[in-house]
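**Q** Quick one: this structure, given as structure tokens, is what I'll be asking you about.
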Amino acid sequence: MKIAINGCGIAGPTLAWWLHKYGHEPVIFDKAPSLRRGGYVIDFWGSGYNIAEKMGLFPALLDDAYIMERLRTVTGTGRTTSSLRVRTFQELTNNRYLSIARSDLSRHIFAECEDVETRFAASIIGIDDQGSQVTAHLSDGKNEAFDFVVGADGLHSHIRALTFGPQDQFERHTGFFVAAYMLSGYRPRDELTYVSHTQPGRQISRIALRNDQTLILFVFSNKFVPEEPENEGQEKALLRSVYGDMKWEAAAILERMDEVNDIYFDRVSQIRMSAWTKGRVALVGDAAACPSLLAGEGTGLAITEAYVLAGELNRASGDLPAAFAGYQNRLQAHLAKRQDMALKFAGFFAPKSWASLVARDLMTNLASLPVLGKMLLGSSVLTQLDLPRYEED
Ligand SMILES: Cc1cc2nc3c(=O)[nH]c(=O)nc-3n(C[C@H](O)[C@H](O)[C@H](O)COP(=O)(O)OP(=O)(O)OC[C@H]3O[C@@H](n4cnc5c(N)ncnc54)[C@H](O)[C@@H]3O)c2cc1C
């Protein structure tokens, strides 16, 4: 089958890899001129980790990974208020837990797709589903026929909008915004440690990365956002107004913002849909079921969805309705559970009051105790998802 995949992030190239392995002909489109760089750092474990292993991404992935040691929360003067042993996550997962730049994970997956046709600076702008095939209208003005089309184009999926209608029907805004950027040569550095300062409704964190880079991450409540910014200038102005009076290193971090020209900025939202497929169109990854950054698991789930969609297609011997039904039935309940759990973590990122902030720090300290830590953190990383070994069919 010839399959168009819109989006070359995490889900898109993973799906292409598995489809190609099963003898299909995927074509990837991405509106970006090349594979996206920069962005933020993600935690990676669970079913996504296992599938990455099946794809042969290890040990190369480990070259760019970080095995983080601590999460430290600090007051405005830099005094530590709580400290969490991140190693607990490694122990809970038998050392199958790592942190890595999202763009590095994407690059490693894409590197395995050398036999897949990929067109950057190109995207699907329209779809005409004729029942027996789909005509994709491409951004270069051409039309091309495919057996089916997949939207792997993220939280603000264009394929979803074309096929299912406007995003607001499916978007559940968590009440938070996120922004991230990278600084070069920032001081101080705390190796392998997430350091963060929180006030009610707003958090600012830094993570020291290789090559003297530091990732700055802001998570803040929408009560600080009178109007959503529409361009990078407005995003910077908003960050200055939200964090301008905050202590700790906020002033130094904001001052360096002028040298940044690729801020990541978005609403922290989930996508909840009752169906991820319609006719000859399917959605995967954030396009289908974004769990939001609160889940800390979006990439792993995106990889899992891609693996299951390709596997179900192979198992159904190309019977598209059967494959699409299998894909949805196998994953929907699991995804909904992970999304529900993610919402419970909202209070960890930016507690709403001083009292809940103190409670969060207390819980963080308790979670650092070996036995208690495993009890408190276990449910966030130990998930039961039995997946078929499709590749052995
Ligand atoms: C700050 C932050 C922290 C996070 N932390 C974690 C974490 O710790 N662990 C974790 O697992 N997940 C985390 N996530 C979530 C994770 O990054 C996403 O769930 C994951 O990247 C989803 O993969 P995807 O392939 O569906 O979409 P994306 O990675 O967003 O890729 C979408 C691709 O589609 C392309 N595209 C978009 N529109 C179009 C179009 N119209 N036409 C063609 N191409 C298009 C884009 O250029 C991009 O390449 C975090 C997210 C954020 C924002």
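**Q** Inside the stretch 238-273, can you point out the residues that are basic (Lys, Arg), over 22 Å from Gly39 (Cα atoms) and within 16 Å of the ligand (Cβ to nearest atom)? Quick ask: steps written out before the conclusion?
**A** Of the stretch 238-273, the ones basic (Lys, Arg) are 240, 247, 256, 267, 272.
Filter again for over 22 Å from Gly39 (Cα atoms), leaving 247, 272.
Hit for the stretch 238-273 is Arg272, nothing else.
**Q** Of these, Tyr186, Tyr194, Tyr181, which one is out of contact with any Cys (no Cβ under 7 Å at 6 or more places or on another chain), surrounded by 22 or more Cβ atoms within 10 Å (Cβ to Cβ), at pLDDT 95 or above and not aliphatic (A, V, I, L, M)?
**A** Checking each option against the conditions leaves just Tyr181.
**Q** Being among the polar types (S, T, N, Q) and either closer than 25 Å to Gly23 by Cβ or within 11 Å of the ligand (Cβ to nearest atom) (or both) is the filter here, so list the residues in the stretch 94-152 that pass it. Show your work before the answer.
**A** Going through the stretch 94-152, the residues among the polar types (S, T, N, Q) turn out to be 94-95, 99, 103, 106, 118, 123, 130, 132-133, 135, 139, 143.
Hits for the stretch 94-152 are Ser99, Ser103, Ser106, Thr118, Ser123, Gln130, Ser132, Gln133, Thr135, Ser139.
**Q** Within the stretch 274-332, take every residue that is of a type in the set (Ser, Thr, Tyr) and under 19 Å from Gln169 (Cβ atoms) and give me the one that is nearest to the ligand (Cβ to nearest atom).
**A** Ser292
**Q** While we're on this one: Looking only at the stretch 20-32, decide whether some residue is within 10 Å of the ligand (Cβ to nearest atom), surrounded by fewer than 16 Cβ atoms within 10 Å (Cβ to Cβ) and either farther than 26 Å from Ala179 by Cα or in contact (Cβ under 8 Å) with a residue 40 or more places away in the chain (or both).
**A** yes
**Q** For Thr304, work out the one condition from (1) over 18 Å from the mean Cα position of the chain (by Cα); (2) crowded, with 17+ Cβ neighbours inside 10 Å; (3) of a type in the set (Ser, Thr, Tyr) it doesn't fulfil.
**A** Of the numbered conditions (1) over 18 Å from the mean Cα position of the chain (by Cα); (2) crowded, with 17+ Cβ neighbours inside 10 Å; (3) of a type in the set (Ser, Thr, Tyr), the odd one out for Thr304 is (1).
**Q** If we keep just the residues of the stretch 73-88 that are surrounded by 17 or more Cβ atoms within 10 Å (Cβ to Cβ) and not hydroxyl-bearing (Ser, Thr, Tyr), which is farthest from Trp17 (Cα to Cα)?
**A** Val74
**Q** Turning to a different aspect of this structure: Scan the stretch 224-264 residue by residue and report those that are without any contact (Cβ under 8 Å) to a residue 24 or more places away in the chain and of a type in the set (Lys, Arg).
**A** The answer is Arg240, and nothing else.
**Q** Still on this structure: Please verify whether the stretch 182-202 includes one or more residues that are part of a loop (DSSP other than H, G, I, E, B) and either within 21 Å of the chain's Cα centre (by Cα) or of a type in the set (Val, Ile, Thr) (or both).
**A** Checking the stretch 182-202: at least one residue is part of a loop (DSSP other than H, G, I, E, B) and either within 21 Å of the chain's Cα centre (by Cα) or of a type in the set (Val, Ile, Thr) (or both).
The values are calculated or read from the model by the stated rules, or taken from the named source; none is laboratory data. What you see is a predicted model; the values in this text were computed from it and never measured. Counting neighbours? That spans all protein chains shown, and the Cβs are built from the backbone with ideal geometry, glycine included.
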